[in-house]
1. Using the Karplus curve 6.51 cos²θ - 1.76 cosθ + 1.60 with θ = phi - 60°, what ³J(HN,Hα) values do you get for each residue of segment 47-60, in whole Hz, with x for Gly and Pro?
2. Using a Förster distance of 25 angstrom, determine the FRET efficiency expected from the C-beta separation of Ala8 and Tyr55, and round it to 0.05.
3. Could you go through segment 36-46 in sequence order and give the Karplus-derived ³J(HN,Hα) for each residue, using 6.51 cos²θ - 1.76 cosθ + 1.60 with θ = phi - 60°, rounded to whole Hz, and x for Gly and Pro?
4. If we count every other residue with Cβ under 13 angstrom of Asp25's Cβ, Lys/Arg +1 and Asp/Glu -1, where does the sum land?
5. Starting with the highest mean, order 16-27, 42-53 by the number of other Cβ atoms within 10 Å, averaged over the residues of each peptide.
6. Please compute one quarter of the surface area of the Cα convex hull for the chain and express it in square nanometres.
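Any read-out appearing in this document is the output of simple, stated calculations on the displayed coordinates, not a laboratory observation. Treat the numbers as computed from the prediction; the structure is a model and nothing was measured. Here the Cβ positions follow ideal geometry from the backbone for every residue, glycine too, while neighbour counts run over all protein chains shown.
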Amino acid sequence: MVGQVGSACWRAFPGSRFDADGLPDPTDRWSKSIGDALAHAYGCVTVYPSDGPPYAPFQQ
């Protein structure tokens, strides 16, 4: 599981291509691009709360 602590990462979002492209869900797409890059670098698989249906049982 990967996550963030604090608000420092959000300073990088404004001005990103995701913030400026006018497409829906810019923060989700930005977060997924970072998660996907990390997963690729470490040979892992990504699963996001917004993927689905069916949705992964994150709350269980």
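1. These are the phi-based 3J(HN,Hα) values: 9, 10, x, 8, 6, x, x, x, 9, 5, x, 4, 7, 8 Hz.
2. Computed FRET efficiency for Ala8 and Tyr55: 0.30.
3. After applying 6.51 cos²θ - 1.76 cosθ + 1.60, I find 5, 5, 5, 4, 4, 5, 10, x, 10, 10, 9 Hz.
4. Its environment carries a net charge of -2.
5. Highest to lowest by the protection proxy: 16-27, 42-53.
6. The orientation-averaged projected area of the Cα hull of the chain comes to 5.3 nm².
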